[in-house]
Amino acid sequence: MKKKKLKSLKSLNKKAWKVFSIWVRKSEADFAGYVACCCCGRTFIWNGGDIHAGHWIHGRLEYDPRNIHPQCKNCNFKYNPNSKAQYAIYMANRYGAEEMRKIWQHAYAKGNNYSREELNEIIQKYGDN
């Protein structure tokens, strides 16, 4: 009997990011499918390509909904020089300073170290949107 070949961590990460990114953008959209950028406030169709799932803390907590929010491509790619400060203001308004501190601490304790099991759970949890 042949063993079933496991998907690589790279392919699991790619799939997890795809479903999680869709969930982030779609979950914040209104009834008509529009979602506001967490930095500049401009609205876009959630699946039109102009809105991303942007990170507050880059390179960490890829799948933590507290760290990832809808962000337009201009703010996400830093064409908006104020986007970093605007994201922090958004976080403070949404979560408060104490929760921001907890997210920051968790980000540097956890990093982006996701196991195969965690990635499969993320795909299951966020994939049915």
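A short reminder: the numbers here are calculations on the coordinates, not readings from a lab. Since the structure is predicted, the reported quantities are computational estimates derived from the model, not experimental observations. For neighbour counting, all protein chains shown are included, and Cβ atoms are generated from backbone atoms with ideal geometry for every residue, glycine included.
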| In degrees, nearest ten, helix 116-127 long axis to first principal axis of the chain (Cα) | 60
| task | Could you tally the net charge around H52, taking each other residue with its Cβ under 9 Å from the Cβ of H52, Lys/Arg +1 and Asp/Glu -1? | result | +1
| request: Would you mind checking the tilt of helix 97-110 against the longest principal axis of the Cα atoms of the chain, expressed as 0 to 90 degrees and rounded to 10? | output: 30
| Using Cα atoms only, what is the angle between the long axis of helix 9-27 and the major principal axis of the chain, expressed in degrees (0 to 90) to the nearest 10? | 40
| Summing +1 for each Lys or Arg and -1 for each Asp or Glu, what net charge is found among the other residues whose Cβ lies under 13 Å from the Cβ of L119? | +3
| For N112 and D50, FRET efficiency with R0 = 22 Å and r from the beta-carbon atoms, rounded to 0.05? | 0.30
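Under the rule a/c < 1.5 gives rounded, and otherwise a/b versus b/c splits prolate from oblate, where does the range 1-124 land using the Cα gyration tensor? Don't skip to the end; give the middle numbers.
Working: a/c = 2.32, a/b = 1.48, b/c = 1.57.
Oblate is the answer for the range 1-124, as a/c is 1.5 or above yet b/c matches or exceeds a/b.
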